[in-house]
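First comes the structure, then the notes that go with it.
Just so it is clear, none of the values below were taken in a lab; they were calculated from the coordinates. Since the model is a prediction, treat every value here as computed from it, not as a measurement. Note that each Cβ is placed from the backbone with ideal geometry, even for glycine, and that neighbours are counted across all protein chains shown.
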Amino acid sequence: MRRDLALKVLKQHVTNELVVAVYQTLFDWLAINPRDLNYVATGAMGQASSHGLGLALANPKKQVLVFDGDGSVLMNLGSLVTIANAAPDNLHHFIFENGVYEVNGAHPIPGQHIVDFGAMAKAAGYRTVSVFSNLKTFELEVAEFLKQPGPAMAVMKIEAGESFPRNYDYIHSALAREKFRQALQKS
Amino acid sequence: MNLNKDIKYPSGQAIMDALKKAHIQFIVSVPDIITSDGLLWPISKDPEFKLVRVCKEDEGVSICGAMSYNKTRALLLMQQTGLMDSLNAIRAIGIDYQLPVCMMVGLQGKEPHKLSSESSSYGVRIIQPVLEAMQIPYRVIESPEDVQHITADIETAYQTSSTFVFIIGRAPV
């Protein structure tokens, strides 16, 4: 399943949700669906899921979508247990699994083709776990997945499609954070 | 926890009162032996606080930072080992992104009658120099009188959107 096409499907289901995304998935998402409610400043080292949890707990009436990476999740595996324990029903966690550290030279992640992120999420205590490897199936089932109470995980078996420019200056900018802050207050 | 009768210790209840006065709603924590009995256990039973137990301290840095976007106030309660393990997250989220991440850090291994700079523990001695090198403001909480500054320090951190560390050098009682 091409990542850019999967993100275009997701765009059709995103209105007022808070979207936390990382690395190439973030850059692609910003090109496909630029909006101020995109949360772009997660630092590094797999912290997106924890930012998503913070947003979900502090904004219980808003839906939070995390577009995580497989390498990122490996750096913060404990957050799966933390999220399951906190059990926010407004958090949907997507892992875009391509098996490589794409923006850092495309080196394979440890456990490439071996690690089972869905099983990890289930074992951690996520309420719902879905695995998508086919775009047509994803198109048909994503709405139902998003209706499930969180914490819910969708493992997205993807390959790079069209890769959009990596604007690191923007995602680390004060402007991006302020745009999100203001949009959150207005939403 | 063995307490030295000749030394004054900060009050856990007074610290909790100061946190409430500063509108802290969420306590995010990995247990720390210095603050366990006097703070974390009482906090866990206090309905005015929402406790988020995290597996690792850097998760807490991100959680507190994310919460601040809608002005929800949180405190990350941990041991200095967790602080050291979280330095990159603090660098990115607290310093580079200028988010108000407030932390309370128990100094495991510090002798109550000594300054941390005089501790026999290397892990204790380096904490203040590390914070100073990272230009992170902090306050040492050791005596009962030190607690009176907590509310104002948190207010300042949120008003100025800057990170702040309270170093707990003696176990709250």
Across peptide A:70-82, what mean number of C-beta atoms from other chains lies inside 10 Å of a residue's C-beta? 3
Between the range A:120-187 and the range B:124-141, how many Å separate their Cα centres? 37
Global geometry of the range A:66-187, whether rounded, prolate or oblate, following the gyration tensor of its Cα atoms and the 1.5 cut on a/c: rounded
Farthest toward the dipole's positive end in the range A:58-153, which of A:Met75, A:Gly118, A:Gln63, given Cβ charges of +1 (Lys, Arg) and -1 (Asp, Glu) about the Cα centre? A:Gln63
Kindly write out, for the range B:135-145 in residue order, the coupling ³J(HN,Hα) from the Karplus curve 6.51 cos²θ - 1.76 cosθ + 1.60 (θ = phi - 60°), rounded to whole Hz, with x marking Gly and Pro. 6, 9, x, 8, 9, 8, 10, 10, 9, x, 5
Listed residue (A:Thr137, A:Asn167, A:Pro88) projecting farthest to the positive dipole end of chain A, Cβ model: A:Pro88
Burial ordering of B:Glu57, A:Glu178, fewest other beta-carbon atoms within 10 Å first: A:Glu178, B:Glu57
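Assigning unit charges at the beta carbon (Lys, Arg +1; Asp, Glu -1) and nothing else, what dipole magnitude in debye, to the nearest 20, does chain B show about its Cα centre?
The calculation lands at about 220 debye.
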By the Cα gyration tensor axes a ≥ b ≥ c (a/c under 1.5 gives rounded; else a/b larger than b/c gives prolate, otherwise oblate), the shape of the range A:27-78 is oblate
Across 10 Å bins from the origin, how do the percents of Cα pairs in the protein assembly as shown run, short distances first? 5, 25, 32, 21, 12, 4, 1, 0
Mean 1/r over distinct Cα pairs of the range A:4-92, inverted to a Kirkwood Rh in Å, yields 13.1
What share of the DSSP beta bridges in chain B is antiparallel, in percent to the nearest 5? 0
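Per residue of B:68-79, count partner chain C-beta atoms within 10 Å of its C-beta, then hand back the mean as an integer.
Numbers: counts 3, 15, 9, 4, 5, 1, 3, 0, 0, 0, 0, 0.
What the average comes to for B:68-79 is 3.
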Could you sort A:26-38, B:25-37 so that the peptide with the highest average Cβ count within 10 Å comes first and the rest follow in order? B:25-37, A:26-38
Between A:Val100 and residues 5 or more places away or on another chain, which pairs have amide H atoms under 5 Å apart, with H built 1.01 Å from N, and which residues are they? A:Ile109
Just going by the charge dipole of the range B:84-172, with Lys and Arg at +1 and Asp and Glu at -1 on Cβ, which of B:Ile167, B:Cys102, B:Ser117 is farthest out on the positive end? B:Ser117
Estimated vicinal HN-Hα couplings, Hz - the range B:120-125 in sequence order (Karplus 6.51, -1.76, 1.60; Gly, Pro = x): 6, 8, 4, x, 7, 4
At 222 nm, what helix-only mean residue ellipticity would the protein assembly as shown give, in deg cm²/dmol to the nearest 500, using -39500 (n - 2.57) for each DSSP H run of four or more? -10500 deg cm²/dmol
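Quick check: from the Cα gyration tensor, does chain B come out rounded (a/c under 1.5), prolate or oblate?
The shape class here is oblate.
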Output the direction-averaged projected area (hull surface divided by four) of the convex hull of the alpha-carbon atoms of the range B:1-84, in nm². 6.0
Inter-chain Cβ neighbour average for residues B:91-103, partner chain, 10 Å: 3
B:Leu51 long-range amide H proximity, modeled H, under 5 Å: B:Ile27
Could you list A:Val103, B:Val124 in order of exposure, starting from the residue whose Cβ has the fewest other Cβ atoms within 10 Å? A:Val103, B:Val124
Please list, ordered by chain and number, the residues whose modelled amide H lies under 5 Å from the amide H of A:Val66; skip anything fewer than 5 residues away on the same chain. A:Val20, A:His92, A:His93, A:Phe94
